[in-house]
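Take a look at the structure below.
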Amino acid sequence: MRPSLPYTSRRHFMALMTMGIAGIWAGRSDDQIEQHNQPQTNMNSKSHIGYEDDKYILPPLPYAYDALDPLMDEETVKLHHDKHHAAYVAGANAAMETLKKIAKGEVDSSATNATVRNLAFHTAGHALHTMYWTNMAPNPKKEPGGKLAQAIKDEYGSLENFMTAYKAACMGVQGSGWALLSVECLSGKLVINGAEKHENCEIPGMTPILACDVWEHAYYLKHQNNRAGFVENFIKLINWDDVEARYDAAMS
Ligand code: MN3
């Protein structure tokens, strides 16, 4: 089944962004969303939602700072979540406030383009980090199941082939960025793509379901320049239940 067309809803916007399915839930109640995503993972958990009371918020980690140790160290997780991710949340709120002022004529409209660029950078950073944290779990199952496993087999031949391609995307990002696994809106096919910074190389209508942060702040304390070593550890932490739930939602 193909994904449905996008829509926008202020209330659910960040929840949808963090679920990677902006635009899919038109006309559905929270109960239906909850029910749809059970029992794999709870997409309505606080950790999955980054918007509340008219502002972007830093969602709590879905586990303790040291829960991913030794594959991902406590200091990196703490700094990354509490400082880096928090900075994107602050930047997103600041950009949105400026846009509101432009709308009211309190700030000159010549600031619009730069402000929207800021908003894109920070909201994309916020949404992808929110996905990143929930895409990982301590002691996850080793392989995807369900419809996602079948789609990977159909499109890549095997999980091993898929992993080779995904690791190549992680290593291929030049400078700062992300390796994303996304569902392409029109075809419903899986696409692996690298995103520079947070917001570049995204194709409108793509729905990310798996995000590996390959900015140096994600790994430099533990791995220094060894991005490949970090990627190997990230793959061992992938919360396949979460990725499957995101895939099912994107395809519904
Ligand atoms: Mn980061």
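Quick note: the coordinates plus some simple rules give every number you see, no bench work behind them. Here the structure is a predicted model, which is why all the values come from computation and not from measurement. Positions of Cβ are backbone-derived with ideal geometry, glycine not excepted, and every protein chain shown enters the neighbour counts.
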Report task. For each of TRP133, TRP215, TRP178, count neighbouring Cβ atoms within 10 Å of the residue's Cβ, then give the residues from fewest to most. Result -> TRP215, TRP133, TRP178
Requested in this report: Please name which of ASN135, GLY146, LEU159 has its Cα lying farthest along the dipole of segment 111-160 towards the positive end, using unit charges on Cβ (Lys, Arg +1; Asp, Glu -1) and the Cα centre as origin.
Outcome: ASN135
Query - Separation of the TYR220 and ALA111 label points, Cα + 7 Å toward Cβ, nm - result: 3.0
Query raised in the report: Hey, what do the phi angles of segment 104-111 turn into as Karplus ³J(HN,Hα) couplings, whole Hz, using 6.51/-1.76/1.60 and θ = phi - 60°, x for Gly and Pro?
Result: 8, x, 7, 10, 4, 5, 5, 7
Query raised in the report: Which far-off residues, 5 or more places away or on another chain, put their amide H under 5 Å from the one on GLY194, with H placed in the peptide plane?
Result: LEU180
Query raised in the report: How large is ³J(HN,Hα), in whole Hz, for each residue of segment 139-156 in order, when computed from phi with the Karplus curve 6.51 cos²θ - 1.76 cosθ + 1.60 and θ = phi - 60°, using x for Gly and Pro?
Result: 6, x, 5, 7, 9, x, x, x, 5, 5, 4, 5, 5, 5, 5, 5, 8, 10
Report summary line: With +1 on the Cβ of every Lys and Arg and -1 on the Cβ of every Asp and Glu, the dipole magnitude of segment 182-252 about its Cα centre, in debye rounded to the nearest 20, is 200
Report summary line: Cα-Cα longer than 26 Å, checked against LYS55/LYS167; LYS197/LYS222; LYS83/LYS104; LYS55/LYS101, kept in input order, equals LYS55/LYS167; LYS83/LYS104
Query raised in the report: With charges set only on the Cβ (+1 for Lys and Arg, -1 for Asp and Glu), what does the dipole of segment 114-252 come to about its Cα centre, in debye to the nearest 20?
Result: 200
**Report entry** Karplus-derived HN-Hα couplings along segment 206-221 (A = 6.51, B = -1.76, C = 1.60, θ = phi - 60°), whole Hz, x at Gly and Pro
**Finding:** 6, 10, x, 10, 9, 9, 10, 7, 10, 5, 4, 4, 6, 9, 5, 4
Report task. Just need the relative contact order of segment 58-203 here, percent rounded to a whole number, with Cα pairs under 8 Å and 6+ apart. Result -> 18
**Report entry** Placed amide H near GLY177: partners under 5 Å, 5+ positions off or other chain
**Finding:** LYS197, VAL214, TRP215
Query raised in the report: Once you sort the root eigenvalues of the Cα gyration tensor of segment 83-142 as a ≥ b ≥ c, which label holds: rounded (a/c under 1.5), prolate (a/b larger than b/c) or oblate (the other case)?
Result: prolate
Requested in this report: Label segment 175-252 by shape, choosing from rounded, prolate and oblate, from the square roots a ≥ b ≥ c of the eigenvalues of the Cα gyration tensor; if a/c is under 1.5 it is rounded, and otherwise prolate applies when a/b is larger than b/c, oblate when it is not.
Outcome: oblate
Query raised in the report: Measuring from centroid to centroid over Cα atoms, what is the spacing of segment 170-194 and segment 36-97 in Å?
Result: 21
